[in-house]
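Just below is one structure, and these are the notes that go with it.
The values are calculated or read from the model by the stated rules, or taken from the named source; none is laboratory data. Here the structure is a predicted model, which is why all the values come from computation and not from measurement. Virtual Cβ from ideal backbone geometry, glycine too; neighbours counted across all protein chains shown.
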Amino acid sequence: MLTVKISGTGSYLPTRVVTNEEMSVRIGSTPEWIYSHTGIASRHVADATESAATMGAEAARRALESAQVKPGDISIIALTTTTPDYCNYPSTACLVQKALGCRPAAAFDLSAACSGFVYGLEMVKSYLLCHPGHKALVIGSEVLSRHVDWADRSSAMLFGDGAAAVVLETVDCPTPHLSASLLGADGGGSDLIAREGGARKPLSANLLQETVTRMDVPYLQMDGHAVYAFAVRKLSEVVTALCNQAPTSLESLDLIIPHQANYRILEAVARRMSVPLEKFYFNLQDVGNTSSASIPLCLDKAVREGSLKPGMRLALAGFGSGLTWAGMLAEWPYL
């Protein structure tokens, strides 16, 4: 039976760490208040030499080493990000391809916000099943520190920077394994998490008569209460729907890796699903919300510390701006 497996994982976090002590001074709060409302104690922040491309390339190098795969063996690179190096071309994936030496592999960016990595897994899995023998990189890389207003008490404390990657390849699996996937979106909630700065609005009322010399820096805007309600409902619906699709039971799952948005959200999801919180994997305390990088960062950490072992039944579930959602069931390391 032809299937797709994750043959290697890798991650990268910037050296600079911003603690709640530093953050609290900026937003006029206390470290305890930040932690109690988010579950976050610190977050990594990129320096001036780092970007989604440089971090994504380093995470991909580590994934290639883990898989014992050469850059030239990669046929396709999918990079998920909300913070591309350019707005919006060339793609950040092309910059990563250049840095790794993967030419002439196909390379593209995928924008589905915090759901992006699972979207990427599903897209590339489908590609590989149509092209047996090929190998691929799926990367999540984010520099959200450059999208937030660091004086905004409602959002600045949530976000951090980082990147993670996986190598995918097709293999023959002798027996069937757990597998299900789900992608979705509701554009009716597109205003709940948004950042201006694209081409939605003209730079000037009359571009032929006026030269634009300055633009205000647009920051991320979020309706926290509405996002909380959506996230709690949708994460539980996604995991439940995946189990029904497989079919399997919630009780049979060994590990649930959700998008690391806010500890309170994930606590509420566990209660809503009547699933022990111990089944949920967390790295939120040390890295914060890293958008599309959060699920692969958890994957790499879980693999390297031995929490994720072959044969374990795994659920990945994300939600994000758009509004988008995505989920995947896997029997590690098969998707």
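Before moving on, here are some points about what is shown:
- Residue check, VAL238 without any contact (Cβ under 8 Å) to a residue 60 or more places away in the chain and either in contact with a Ser or Thr (Cβ under 9 Å, 6 or more places away or on another chain) or crowded, with 19+ Cβ neighbours inside 10 Å (or both): no
- Checklist (1) touching a residue at least 24 places away in the same chain (Cβ under 8 Å); (2) over 30 Å from GLU142 (Cα atoms) applied to ASN244, failing item: (1)
- Any hit, the range 320-331, residues being under 22 Å from GLY10 (Cα atoms) and touching an Asp or Glu at 6+ places or on another chain (Cβ under 8 Å): yes
- Among the residues examined, PRO90 does not qualify as without any contact (Cβ under 8 Å) to a residue 60 or more places away in the chain, in contact with a helix residue (DSSP H, G or I) (Cβ under 9 Å, 6 or more places away or on another chain) and either among the β-branched types (Val, Ile, Thr) or in a loop (DSSP other than H, G, I, E, B) (or both).
A quick yes/no check of all residues on (1) under 22 Å from PHE159 (Cα atoms); (2) over 19 Å from the mean Cα position of the chain (by Cα); (3) assigned by TED's automatic domain parsing to the domain that holds SER291:
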| residue | (1), (2), (3) |
| --- | --- |
| ILE74 | no, yes, no |
| THR80 | yes, no, no |
| THR83 | yes, no, no |
| PRO90 | no, yes, no |
| CYS94 | no, no, no |
| CYS102 | no, yes, no |
| PHE108 | no, no, no |
| SER111 | yes, no, no |
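- Strands (runs of 3 or more DSSP E) contained entirely in the range 123-200, each with at least 2 residues that are closer than 30 Å to VAL17 by Cα and at pLDDT 95 or above: 135-143, 161-172
- Failed item, numbered, when ALA199 is tested on (1) over 25 Å from ALA302 (Cβ atoms); (2) crowded, with 16+ Cβ neighbours inside 10 Å; (3) not assigned by TED's automatic domain parsing to the domain that holds LEU323: (2)
- Flag for GLN68 being surrounded by fewer than 24 Cβ atoms within 10 Å (Cβ to Cβ) and outside the structural domain of ALA315 (by TED's automatic domain parsing): yes
- The criterion of at least 3 residues that are of a type outside the set (A, V, I, L, M, F, W, C) and on the phi < 0 side of the Ramachandran plot is met, among helices (runs of 4 or more DSSP H) falling completely within the range 232-335, by 263-273, 294-305.
- The range 39-63 residues that are closer than 15 Å to ALA107 by Cβ and in contact (Cβ under 8 Å) with a residue 40 or more places away in the chain, paired with ones that are acidic (Asp, Glu) and part of a loop (DSSP other than H, G, I, E, B) (beta carbon under 7 Å, 6 or more apart): ALA52/ASP85; ALA53/ASP85
- Flag if ASP254 is more than 19 Å from the chain's Cα centre (by Cα), within 19 Å of ILE295 (Cα to Cα) and either surrounded by fewer than 18 Cβ atoms within 10 Å (Cβ to Cβ) or charged (D, E, K, R) (or both): yes
- Looking across ALA59, ALA99, ALA78, ALA107, one residue alone is surrounded by 21 or more Cβ atoms within 10 Å (Cβ to Cβ), on the phi < 0 side of the Ramachandran plot and in a helix (DSSP H, G or I). It is ALA59.
- Some residue of the range 267-284 being in contact with a Leu (Cβ under 6 Å, 6 or more places away or on another chain) and touching a residue at least 60 places away in the same chain (Cβ under 8 Å): no
- Residues of the range 285-310 that turn out to be at pLDDT below 95 and either under 16 Å from the mean Cα position of the chain (by Cα) or crowded, with 24+ Cβ neighbours inside 10 Å (or both), as a count: 0
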